[in-house]
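Right, one structure below, let's go through it.
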Amino acid sequence: MLMEKLKMAGISFEAGMTERELDLAEEFFGFRFPAEFRAFLSEAVPVGEDFFDYRDHSPENLKRFRDFEDRIEKGFRFDLNAKENREELLEPLGEKLGFSEDGPGFDEAVMRYWKESPRLIPFFAHRCFFDGMDGMPIISFWQPVDSIVYGFNLEDYLESEFLGKDDSCALPPDLLKGTGIWEDLIW
């Protein structure tokens, strides 16, 4: 039913990926699809300029994937160097990382915490999912201090992004549990 609604909303799809194709994509890009993404992509694969193409194992597409990851790192470095954004990082992370106020070592502690946290994997434009974490929300990542939940799960995200569902509900308190730095930054 959801797939039909998405098609009616103008989303183009190719045939679903086989288990072998899904496995090859995970191996090539170095992440694990959450179970709901595997199920969705095995049914049909959305295509278009802003959708990430997991079937394309070319050097150019691998570069696109790496560029997304680099953008996340650059976002953290930018936020740490912009006074107002740094304060927004210090508020939720300072005490947790052992800093009662800004000081030497804060940058390194933030970057280490980010690297220890689950990776964000691109799906559509700057919307992404957590590497290997089933049943998790979809994140809109622009930069660390400007990241939000864009859907409580894959279905909620697809309905919000493409079908105009009102996503103004309050976030469940444990929605981001186990996501490391993202639990502290995303609202």
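The values are calculated or read from the model by the stated rules, or taken from the named source; none is laboratory data. Because the structure is predicted, anything quoted here is derived from the model rather than measured. Using ideal geometry, Cβ is built from the backbone for each residue, glycine included, and neighbour counts are taken over all protein chains shown. To get the accessible areas, we keep the full protein, side chains included, count just its heavy atoms, and leave off ligands, DNA and RNA. Shrake-Rupley method; radii C 1.70, N 1.55, O 1.52, S 1.80 Å.
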Cleavage-rule hits (GluC sites (Glu not before Pro)) in the stretch 33-85: DSSP loop, at most 11 neighbouring Cβ within 10 angstrom: Glu49
With label points built 7 Å along Cα→Cβ from the Cα atoms of Asp146 and Thr18, find their separation and express it in nm. 4.3
At a Förster distance of 30 Å, what's the computed FRET efficiency of Asp102 paired with Ala125, Cβ-Cβ distance as r, to 0.05? 0.35
Can you work out the FRET efficiency for the pair Arg112 and His57, with r the C-beta to C-beta distance and R0 = 35 Å, to the nearest 0.05? 0.65
Nearest-10 value in Å² for the accessible area of Thr18, using the 1.4 Å probe: 70
I'd like the accessible area for Tyr54, computed on protein heavy atoms only with a 1.4 Å probe and all protein chains in place. Round to 10 Å², please. 10
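When only C-alpha pairs under 8 Å and at least 6 residues apart count, what is the relative contact order of the stretch 7-97, in percent?
27
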Give me the percent relative contact order of the stretch 94-166, please, defined on Cα pairs under 8 angstrom at least 6 residues apart. 15
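Please check the chain for the longest run free of trypsin sites (Lys or Arg not before Pro) that are loop-located per DSSP (anything but H, G, I, E, B) and have at most 12 other Cβ atoms within 10 Å. Walk me through the intermediate numbers first.
Values: sites that count: Lys96, Lys177.
By the stated rule (loop sites, at most 12 other Cβ atoms within 10 Å), 1-95.
Under a 1.4 angstrom probe, counting protein chains only, how are Met111, Met8 ranked by accessible area, largest first? List each step's numbers first, then the result.
Working: Met111 15, Met8 170 Å².
Ranked from most to least accessible, the order is Met8, Met111.
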Number of Lys pairs in the chain closer than 17 Å at Cα, excluding neighbours under 8 places apart unless interchain, is 8
Efficiency of FRET between Arg64 and Asp166 - r from beta-carbon atoms, R0 35 angstrom, step 0.05: 0.65
Toy charge model, Lys and Arg Cβ at +1, Asp and Glu Cβ at -1: the chain dipole around Cα centroid in debye, rounded to 20, equals 300
Determine how large the accessible area of Val149 is when every protein chain is in place; take a 1.4 Å probe and give Å² rounded to the nearest 10. 20
Expressed as a rounded percentage, what relative contact order does the chain have, with Cα pairs under 8 Å and six or more residues apart? 20
